[in-house]
Amino acid sequence: NTPFTISFNNALRMFIKQDHYTHVMVMNNDISLTSEEFWAINERVGGRQGIFSASCNSPHPEVMSPEGNAGTRLVDWLEFVSPVFSRDVVQDVGYLDEQMTLGWGIDIDYCYRAKQKGYTCTLLQNIQFTHYEHKSQDSHYEYSIKAQDEMDSALLKKYGANWRKMLRFKC
């Protein structure tokens with residue numbers, strides 16, 4: 001019953017306490033990722049810094065769908081369905097903004113802050129997992145209205161009226 005963003009931050013805090021790990025993958029409970037896909041992600045990330053994600057069926061194809069033939073693609077932000085964070089990025093950028101407890105906007109904001117510090121957001125285009133969107137919510141319609149309002153309010157306060165353009169959020 002812990003709000004999404006607080007749960008996500010708790011996972012990142014546990015990761016930082018374990019100093020022998022270089023990366024952490026935080027996964028939603030409504031995805032399907034095979035062990036082969038997991039190990040392929042692990043191999044691609046290696047010791048690289050930044051934030052990474054395999055591609056998935058997402059309502060945000062501009063950042064989560066493969067383009068062209070390259071194995072990886074730098075994107076403005078990644079949807080935090082199953083992201084991989086390097087230790088460096090979490091130590092330098094910190095945690096997700098808990099003003100957005102329902103989870104919408106945390107990914108856009110965090111990736112923006114990471115990019116401001118010189119990190120990249122990389123889509124691993126040759127690996128794809130399935131996101132069974134919104135299966136963990138009783139009423140997605142009600143949730144989406146609350147989450148959208150929460151995101152709009154927090155990002156407006158933080159970045160001003162042009163936050164969508166500034167953070168390159170097209171939806």
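The values are calculated or read from the model by the stated rules, or taken from the named source; none is laboratory data. Here the structure is a predicted model, which means the values were calculated and not measured. All Cβ positions, glycine included, derive from the backbone under ideal geometry; neighbour counts span all protein chains shown. Please note that ligands, DNA and RNA were not included when accessible areas were found on the heavy atoms of the full protein model with its side chains. Shrake-Rupley method; radii C 1.70, N 1.55, O 1.52, S 1.80 Å.
A few notes on this one:
- Qualifying positions in region 3-32 - open to solvent by 50 Å² or more (accessible area, probe 1.4 Å), polar (S, T, N, Q) and part of a loop (DSSP other than H, G, I, E, B): Q18, T22, N29
- Scanning region 66-101 for residues that are basic (K, R) and closer than 18 Å to I127 by Cα yields a count of 1.
- Conditions (1) open to solvent by 20 Å² or more (accessible area, probe 1.4 Å); (2) at pLDDT 90 or above; (3) of a type outside the set (V, I, T); number of the one not met by Y143: (2)
- Scanning region 73-89 for residues that are farther than 11 Å from A114 by Cβ and assigned to a helix (DSSP H, G or I) returns a single hit, R87.
- Residue check for E62: of a type in the set (D, E), surrounded by fewer than 16 Cβ atoms within 10 Å (Cβ to Cβ) and closer than 24 Å to W163 by Cβ: yes
- Looking across region 90-113 at every residue that is part of a loop (DSSP other than H, G, I, E, B) and of a type in the set (A, V, I, L, M), the one that is nearest to I31 (Cα to Cα) is identified as L102.
- Sub-6 Å Cβ pairs linking a first residue in region 76-104 that is at positive phi to a second residue that is open to solvent by less than 20 Å² (accessible area, probe 1.4 Å) and aliphatic (A, V, I, L, M), at least 6 apart or interchain, number zero.
- Qualifying residue in region 90-108 (condition: over 26 Å from R13 (Cα atoms) and open to solvent by 70 Å² or more (accessible area, probe 1.4 Å)): no
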